[in-house]
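See below for the structure under consideration.
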Amino acid sequence: MHTTTVKKLVLAVSLASAALAAHAHRQWMIPTTTVIESDREAWVTIDGATSEGLFEADFMPLKLDGLTVTDPDGATAPAPAATVGKHRSTVDIRLPKDGTYRITLAAVNVMGSYKLNGETKRFRASEQAAQNEIPAGAAEVRRTTMVQRQDTFVTLNKASAGALKPVGRGLEMVAVTHPNELHAGDKARLRFLLDGKPLPNFPFSMIPGGVRYRGTAGEVRLTTDANGEASFTLPAPNMYWLSAAYPANAPRGPGAEGPAESKRYSYSATFEILPE
Amino acid sequence: MKLSRTLALTLPLASSWAMAADLTVKFDLPQLNVAEYHKPYVAIWIERADQTIASTLSVLYDVKKRDNAGEKWVKDLRTWWRKAGRDAKLPIDGVSGATRPAGTQTMNFGPAITGLDKLPAGDYKLVIEAAREGGGRELVRVPFAWPAKGKLAASGAGKEELGAVAIAVQ
């Protein structure tokens, strides 16, 4: 009897910690609106943060340097500089023409470690600056290259596909169903690519916003089929955060026992599922 | 035997007569106790099994507003708008109409509007969507099979912006 209680307790505690682990810090961008129907000058504001609560700016601002805007014609240009607040970064983007815009934060960073005079040093730098981080005489150099990409989508008046073309580099999601035409109960299809090639049997997840009012994360876990595509019925209306990583279950940080060189990819996207 | 064959021959005639009949839609616009009440915009259409629109029966909005200003808010009928309204040119002859006050409303639609006489046999839904300025939006679907065996009568109900909805083909 006593043993059972203890076992139950241990189980409960471990479950609780698993739930806590699920509330990890997430990096996200959220647009003030995803669909604008107006014949006046149109703007969208993008907020970006790293936080415990999804879409709740409760920890620190997201660095939006390198944010780009791909316009309906497929032309990519740097976004204006962001205002960096205590909890979030904010950038206002004007939408000069009708169609769909893709707002992307992509970065390649290197995380690594080496031994110098018997001491282990760690570093984190952009891909370009990483080479300068390793001094002469360094031994046991380990480097993990992290290729990250974050997207969100906004449409002015008429949805278009010019901004949605895959770039063919890194890990990316290709929205076969238009990302600004998602309605609860409808069927949707998307595709994952790694360096332009379809990723079969690849797991990803979607979490609806408003976790704090639910308590549970409400994560929807999906996997691509043999062709690297996933078809599914769209869940309840909300703003959603989709995320995926390749390799799917890689540990965080450079491991002491890991290979000297490794590469990891991560992708996330914010999109809205609208009511019918 | 001979008699039943004669009957069979006359049946197609009889069913095409039934198809040509009028469709009546009766719907309740609830009297709402709210601080700001505006008459709802309402769209009524026939939906195919794949949720596409077979025909729009009615779009009720502020048709009299100067400079067609009422059309601006027709897109608040979100479902109708994204499936048909966006590509429609307003006002639509015989389809656009003025808003209706709270209470029970009855509307009759002939075959020219419903297109029922030309619809292939199958399962359909009569859909009514109401959207109110400063209020909510609601959709009620009333499923029916077409052509109907005998008289067609079906009903549904909303929760807030719409009350009881009943359809009949006589």
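Quick notes on this structure:
- Restricting the range B:26-73 to GluC sites (Glu not before Pro) in coil, as DSSP defines it, with at most 15 other Cβ within 10 Å: B:Glu36
- Mean-square fluctuations from a GNM of chain A, with a 10 angstrom spring cutoff on Cα atoms, peak among A:Asn132, A:Asn180, A:Asn201 at A:Asn132.
- ³J(HN,Hα) computed for each position of the range A:69-76 - Karplus, 6.51 cos²θ - 1.76 cosθ + 1.60, integer Hz, glycine/proline x: 10, 9, 8, x, 7, x, 7, 9
- Carbon + sulfur, % of accessible area of chain B - ligands and nucleic acids excluded, 1.4 Å: 55 percent
- Just so you know, the Rg over Rh for the protein assembly as shown is 1.10, from Cα atoms, with Rh as the Kirkwood radius.
- In order through the range A:39-54: 3J(HN,Hα) via Karplus (6.51 cos²θ - 1.76 cosθ + 1.60), integer Hz, x for Gly, Pro: 9, 8, 4, 10, 10, 10, 10, 10, 9, x, 7, 10, 8, 6, x, 5
- Relative contact order, whole percent, for the range A:121-276 stands at 30, derived from Cα pairs under 8 Å and 6 or more residues apart.
- Neighbourhood net charge (12 Å Cβ-Cβ; Lys/Arg +1, Asp/Glu -1) for A:Thr145: +3
- Accessible area per residue for chain A, computed on protein heavy atoms with a 1.4 Å probe, is 52 Å².
- When peptides A:45-52, A:208-215, A:167-174 are ranked by their average number of other Cβ atoms within 10 Å per residue, the highest-first order is A:45-52, A:167-174, A:208-215.
- Taking every alpha-carbon pair under 8 Å whose residues sit at least 6 apart, chain A reaches a relative contact order of 17 percent.
- Net charge of Cβ neighbours under 14 Å - reference A:Ala236; Lys, Arg +1; Asp, Glu -1: -3
- Helix-only CD estimate at 222 nm, as mean residue ellipticity for chain B, using -39500 (n - 2.57) per DSSP H run (n ≥ 4): -4500 deg cm²/dmol
- Lysines whose Cα lies under 20 Å from that of A:Lys63, excluding same-chain neighbours fewer than 8 positions away: A:Lys86
- Cut-off under 5 Å, modelled amide H: who pairs with A:Asp58 long-range: A:Glu52, A:Gly53
- Amide hydrogen neighbours beyond the local backbone of A:Asp186, cut-off 5 Å, H modeled: A:Leu234
- The phi-based Karplus calculation (6.51 cos²θ - 1.76 cosθ + 1.60; θ = phi - 60°) puts the 3J(HN,Hα) values of the range A:209-224 at x, x, 4, 5, 8, 10, x, 8, 5, x, 5, 9, 9, 9, 9, 6 Hz, whole numbers, x for Gly and Pro.
- Each part reduced to its alpha carbon centroid, the range A:220-236 and the range B:23-80 end up 34 Å apart.
- For chain A, adding -39500 (n - 2.57) for each run of n ≥ 4 DSSP H residues and dividing by the number of residues yields -2500 deg cm²/dmol at 222 nm.
- Restricting attention to chain B, lysine pairs at least eight places apart or on different chains and with alpha-carbon atoms under 15 angstrom apart total 8.
- At most 15 other Cβ within 10 Å, DSSP loop - trypsin sites (Lys or Arg not before Pro), the range A:15-124: A:Arg40, A:Lys63, A:Lys86, A:Lys97
- In degrees, nearest ten, helix B:2-19 long axis to first principal axis of chain B (Cα): 10 degrees
- Choice from A:Tyr246, A:Tyr114, A:Tyr101 showing the highest fluctuation, given a GNM over chain A with Cα pairs closer than 10 Å: A:Tyr114
- Gaussian network model of chain A, Cα within-10 Å springs - most flexible of A:Asp98, A:Asp71, A:Asp186: A:Asp186
- Cα-based equivalent ellipsoid of chain B: semi-axis lengths in Å, sorted from largest, via gyration tensor: 33, 17, 13
- Summarising the amide proton neighbourhood of B:Ala157: residues at separation of 5 or more, or on other chains, whose placed amide H is nearer than 5 Å comprise B:Val165.
The values are calculated or read from the model by the stated rules, or taken from the named source; none is laboratory data. The structure displayed is predicted, hence computed values, not measured ones. Here Cβ is always computed from backbone atoms with ideal geometry, including for glycine, and neighbour counts include all displayed protein chains. Ligands, DNA and RNA are excluded from the accessible area calculation, which covers all protein heavy atoms including side chains. Shrake-Rupley method; radii C 1.70, N 1.55, O 1.52, S 1.80 Å.
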